[in-house]
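Any read-out appearing in this document is the output of simple, stated calculations on the displayed coordinates, not a laboratory observation. The model shown is predicted, which means the values in this text are computed figures rather than measured ones.
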Amino acid sequence: MPDHRPLVFLDSNVVLDYLDGKISWLFNKSTVAKFRYAINPLVFQEVVLRGADHEHPRRLEKVMQQADMLPINMQASEPVLLRARQFRDRATHSNDVLIIGSAADCDYLLSSDKVLSRLLNGDRPKVLTPAEFHDEADLR
């Protein structure tokens, strides 16, 4: 049976904020009832490299249970890389390009990194900060 809840891709800075307890609402019952979550191997790697798996093992386990692991999508990443080159955006990291590629079929991309929204061409995914998503999704 297909799951019609909107799919929300979580950037590594959002996962780290959740692990640090800054956005504890992200995986509460009412939010999970409304939305599905996804990450990719790069997000997982960035979180683990920052040591968050050792600091917050139970919270990271919850992320891994609740979030689908999406593959790296090179085809969707290629146009993003071309736009980054057009902007001569030196602030763009290659991981950002690959994260956007993985999030291409998602409804939302949650990130505190404003560079990501400049790299997108189109309405999907909608890039929001966690605070913007909280307000837009009416998660009070």
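Straightening the chain between residue 136 and residue 62 buys 24.3 nm, computed as 0.36 nm per residue apart minus the Cα-Cα spacing. Under a 5 Å amide H cut-off, with hydrogens placed 1.01 Å from N, residue 68 pairs with 37, 38, 39 among residues at least 5 apart or on other chains.
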